[in-house]
Amino acid sequence: MYLNRKLRERGVDGPVDIDALADRMAELRYVDDRAFAEARVASMTRRGLGARRVRDVLRQAGVGEADAGEFRETLEEGAEGAALAFARRKRIGPFAAAPVERDKREKQIAAMVRAGHAPSLARRIVGLEASDDDLDWEG
């Protein structure tokens, strides 16, 4: 096991109670799922990733549902801003250099859905034009 090898490399001899060690690290706040989840949610939404993708990453990282669930409202409220950030970064919809044909639009929608955005939101963002008044250019 990786942790046992690292402990041996640091001069710890004999068996180590890994559970007690993990509990002690959590007690000292070296391990904090909530802080990790908060930082990860902020980072991923800034990059323009959607709620589904963020939840999947947190689950894969082993963040408990209680810690991850605290950010559900934040993810829902920031869904449109994250989708616009993704569209801006990938030059999709209103951020494209030129209007695109239907097949290209469908690929853009698929990219947004893979990034964790709801299909209805992806379709709406891809359908926006650069002059649309409801577009949040600052987001």
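The values are calculated or read from the model by the stated rules, or taken from the named source; none is laboratory data. Everything numeric here is computed off the predicted structure, so don't read it as measured data. As a convention, Cβ positions derive from the backbone with ideal geometry for all residues, glycine included, and neighbour counts pool all protein chains shown. In case anyone asks, the SASA skips ligands and DNA or RNA and just uses the protein heavy atoms, side chains included. Shrake-Rupley method; radii C 1.70, N 1.55, O 1.52, S 1.80 Å.
Among the numbered conditions (1) at positive phi; (2) among the small types (Gly, Ala, Ser); (3) open to solvent by 80 Å² or more (accessible area, probe 1.4 Å), the only one that residue 97 does not meet is (1). Within segment 54-70, the residues that satisfy the criterion of being in a loop (DSSP other than H, G, I, E, B) and among the aliphatic types (A, V, I, L, M) are 61, 63.
For segment 24-53, the set of residues classified as open to solvent by 90 Å² or more (accessible area, probe 1.4 Å), in a helix (DSSP H, G or I) and free of Cβ contacts under 8 Å to residues at least 12 places away in the same chain consists of 24, 27, listed by residue number. Within segment 63-74, residues that are polar (S, T, N, Q) sit with their Cβ atoms under 7 Å from residues that are at pLDDT 85 or above, at 6+ positions apart or across chains, in these pairs: 74/41.
Filtering segment 55-107 to residues that are farther than 15 Å from residue 126 by Cβ and of a type in the set (Lys, Arg) leaves 55, 59, 72.
Of the set (1) outside any helix (DSSP H, G or I); (2) open to solvent by 40 Å² or more (accessible area, probe 1.4 Å); (3) closer than 29 Å to residue 26 by Cβ, all apply to residue 116 but (2).
Results for (1) touching a Gly at 6+ places or on another chain (Cβ under 7 Å); (2) hydrophobic (A, V, I, L, M, F, W, C); (3) at pLDDT 85 or above, shown as yes or no for each residue.
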{"site": "99", "(1), (2), (3)": "no, no, yes"}
{"site": "110", "(1), (2), (3)": "no, yes, yes"}
{"site": "113", "(1), (2), (3)": "no, yes, yes"}
{"site": "116", "(1), (2), (3)": "yes, no, yes"}
{"site": "120", "(1), (2), (3)": "no, no, yes"}
{"site": "124", "(1), (2), (3)": "no, no, yes"}
{"site": "128", "(1), (2), (3)": "yes, yes, yes"}
{"site": "133", "(1), (2), (3)": "no, no, no"}
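Is there a residue in segment 11-23 that is modelled with pLDDT under 90, assigned to a loop (DSSP other than H, G, I, E, B), among the charged types (D, E, K, R) and over 30 Å from residue 123 (Cα atoms)? Checking segment 11-23: at least one residue is modelled with pLDDT under 90, assigned to a loop (DSSP other than H, G, I, E, B), among the charged types (D, E, K, R) and over 30 Å from residue 123 (Cα atoms).
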